[in-house]
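Report on the following structure.
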Amino acid sequence: MSFSLFQYGVLALALYVAWSILQRVFASTALHNIPGPPSRSILTGNLSEFYDPDGWDFHKDLEEKYGQVVKIRGFLGAPQLYVFDPVALQSMLVQSIDVYEENLHYMRVYGLLWGPGILSSIGEDHHRYRKILVPAFATGKIREMIPLFYEVAEKARDGLISPFLHDGPRELDLNNVLNRTSLEMIGRTGVGYSFDAMTPGHEGDDKYAVTLKELLPTVFKMGMFFPFLPWASRIASPAFLRFLVDMIPSKTLHEARDMVDFMEVKAKELILDKKEAVKCGQLEVADDAKDVMSLLLKGNLQAEEGMSLTDEELVAQIGMIISAATDTTSSALDRSFHLLSLHPEIQEKLRAEIIEAPEHMNYEELGSLPYLDAFIHEVLRLYPPVAPVMFRETLQDTVLPLGAPIIGLDGSEIRSIPIPKGTALYVAIAAANHNKQIWGDNALEFKPERWQNGKAGAATERMCGIYGNMMTFLGGVRSCIGFQFSLLEIKVVLSVLLRDFKFSPADVAVKWKLAGIIAVPNVDGKVQLPMIVARI
């Protein structure tokens, strides 16, 4: 008897359900003893709350009610851990990196979206991608990009804001301005390509720019699918997942599919055009090209045997870099300007410091403005753009050490947790950044003054993060390779726009929502940040 593709899918689902039930029954009793919120559903556990776009209160409860390691329930009640204990994070991200890998099922989803790249690989492949990419984001290379940062930021000032203020202050959607700025920034400095003329009425000139601009709002509307993505990847190949996407009668899901397909085609065109320039001698390996793609191609040509990337892998890296750099940095910029509008005294203090500085600053000068540095540290601490978690999974049985003991449900003191292979864990970025045992009793207050010379006075315990003793850019071998790029972009955009404009809240309620793992501003169901902008 032959089976149809659908029947194979049903059989795989039945086997997975049976396996999950057995896993739950025989899971480590130590995990069952960890405190956590009650499960809301036999099928989905706490995942509907965890992935709720408005689930900030649920995550706040996880931060404050249960200790620095919290048990939540996944599909069919499988125990998962939400972790922000500093010692435990050190073990997960630095000391035992071969045990705690990025969640394999989420990585398969990344691979389905972009192909084989740094966000969708483990082990030797990840090491190979990182070795090729890291030199392109080195400090020496990024500092050479600062003139391009200023050029794009000034285009945003002169083309996206100033033309609308001839008759006085006006309400503008700053999310649109900053999203276009971030895309053009990574376009010019990342791939040597201009996506956006950055003038009124011209945002539709480049289809890639429009597609990427619409991708995050589309993903935001797909929130209902997030809990099911890693589950589906357990039982299905990428080809079958693609089949499921095609079969599910969801206009939003199909729009996201078509966007990703188009972006892959465009990234391939950019790579092939650049490679052809190298082949024809228009871009020599020794040339002083400053964009990341040129540096990546040169590094790939000079890579030792067995380390170079295929065209498919190069396309995947570029697609991931463009998407990640645009969404995360524009989210951080949105939050920065939103906070400045809500705290006019901070805005005035920051503007005064910027006006006293040179109009065009070099790397050292940008790093020497203490209040600008403190403001950015505090924005990224209290409101990390990638929020609230990143994912990990144990590849073997292990023991997770704890810095602060927790009290189990049976009343016992727990100083370490035996964890079975295949357990899902969440690196709780926001919770670590809000931990009162590290940042003090005022950890949830927005206070740039807590920072001096890149250090927070109240911080009493060391975190393994690579920036400011916080977890915003993670730590270890999977830390963000582009964090210095992002910081410089934020500093340049703030220094350019605050010099000429004042930003005040519009008369609407802005709510921040979770679009996947990116925090976005929202008004009436749309991703936007209305703000009153006035010339100084």
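The values are calculated or read from the model by the stated rules, or taken from the named source; none is laboratory data. Just so you know, these numbers come straight off a predicted model, no measurement behind them. Every residue, glycine among them, receives a Cβ derived from its backbone with ideal geometry; neighbour counts consider all protein chains shown.
With 519, 509 as the choices, which residue is of a type in the set (Gly, Ala, Ser), outside any helix (DSSP H, G or I), out of contact with any Pro (no Cβ under 8 Å at 6 or more places or on another chain) and over 22 Å from residue 139 (Cβ atoms)?
Going through 519, 509 in turn, just one is of a type in the set (Gly, Ala, Ser), outside any helix (DSSP H, G or I), out of contact with any Pro (no Cβ under 8 Å at 6 or more places or on another chain) and over 22 Å from residue 139 (Cβ atoms): 509.
Look at (1) assigned to a loop (DSSP other than H, G, I, E, B); (2) acidic (Asp, Glu); (3) within 28 Å of the chain's Cα centre (by Cα) and you find that residue 393 fails only one, number (1). Would you mind finding the one in 509, 459 that is over 29 Å from residue 322 (Cβ atoms), at pLDDT below 95 and crowded, with 19+ Cβ neighbours inside 10 Å? Selected residue: 459, the only one of 509, 459 that is over 29 Å from residue 322 (Cβ atoms), at pLDDT below 95 and crowded, with 19+ Cβ neighbours inside 10 Å. In segment 21-48, the qualifying residues are those that are among the β-branched types (Val, Ile, Thr) and farther than 15 Å from residue 424 by Cβ, and the one that is modelled with the highest pLDDT is 42. Could you check, for segment 451-462, whether at least one of its residues is under 23 Å from the mean Cα position of the chain (by Cα) and closer than 28 Å to residue 30 by Cα? Within segment 451-462, one or more residues are under 23 Å from the mean Cα position of the chain (by Cα) and closer than 28 Å to residue 30 by Cα.
I'm checking my understanding of the structure. Among residues of segment 120-165 that are of a type in the set (Phe, Trp, Tyr) and within 21 Å of the chain's Cα centre (by Cα), which one is farthest from residue 315 (Cα to Cα)?
Taking segment 120-165 and keeping what is of a type in the set (Phe, Trp, Tyr), we get 129, 137, 149-150, 164.
Cutting the leftovers down to within 21 Å of the chain's Cα centre (by Cα) gives us 129, 137, 149.
Working: 129: 12, 137: 17, 149: 24 Å.
Filtering first and then ranking leaves 149.
Do we find a residue being of a type in the set (Lys, Arg), at negative phi and loosely packed, with under 15 Cβ neighbours inside 10 Å anywhere in segment 421-438? The answer is yes; a qualifying residue exists.
If you go through segment 472-491 and keep only what is in contact with a helix residue (DSSP H, G or I) (Cβ under 8 Å, 6 or more places away or on another chain), among the hydrophobic types (A, V, I, L, M, F, W, C) and closer than 25 Å to residue 100 by Cα, you end up with 473, 474, 477, 480, 481.
What about residue 309, is it surrounded by 21 or more Cβ atoms within 10 Å (Cβ to Cβ), not small (Gly, Ala, Ser) and not in a helix (DSSP H, G or I)?
Values: surrounded by 21 or more Cβ atoms within 10 Å (Cβ to Cβ): yes; not small (Gly, Ala, Ser): yes; not in a helix (DSSP H, G or I): yes.
Yes: the conditions hold for residue 309.
Cβ-Cβ contacts under 7 Å between residues 6 or more apart (or on different chains), taken from a first residue in segment 328-355 that is farther than 9 Å from residue 178 by Cβ to a second residue that is hydroxyl-bearing (Ser, Thr, Tyr) and surrounded by fewer than 23 Cβ atoms within 10 Å (Cβ to Cβ), are listed as 335/383; 341/504; 349/371; 350/371; 353/371. The criterion of being under 18 Å from residue 476 (Cβ atoms), out of contact with any helix residue (DSSP H, G or I) (no Cβ under 7 Å at 6 or more places or on another chain) and at pLDDT 95 or above holds for residue 91.
Would you confirm whether any residue within segment 346-358 is of a type in the set (D, E, K, R) and either modelled with pLDDT under 95 or in contact with a Leu (Cβ under 6 Å, 6 or more places away or on another chain) (or both)?
In the first step, residues of segment 346-358 are kept if they are of a type in the set (D, E, K, R); the result is 348-349, 351, 353, 356.
Restricting the remaining residues to those that are either modelled with pLDDT under 95 or in contact with a Leu (Cβ under 6 Å, 6 or more places away or on another chain) (or both) gives 351, 353.
Yes: segment 346-358 contains one or more residues that are of a type in the set (D, E, K, R) and either modelled with pLDDT under 95 or in contact with a Leu (Cβ under 6 Å, 6 or more places away or on another chain) (or both).
Scanning segment 339-364 for residues that are in a helix (DSSP H, G or I) and closer than 22 Å to residue 186 by Cα turns up 363, 364. The condition of being modelled with pLDDT of 95 or more and over 28 Å from residue 256 (Cα atoms) holds for only one of 132, 142, 161, that being 161. Annotation note: of 333, 342, the sole residue that is over 28 Å from residue 100 (Cβ atoms), out of contact with any Lys or Arg (no Cβ under 9 Å at 6 or more places or on another chain), buried (at least 18 other Cβ atoms within 10 Å of the Cβ) and of a type outside the set (Lys, Arg) is 333.
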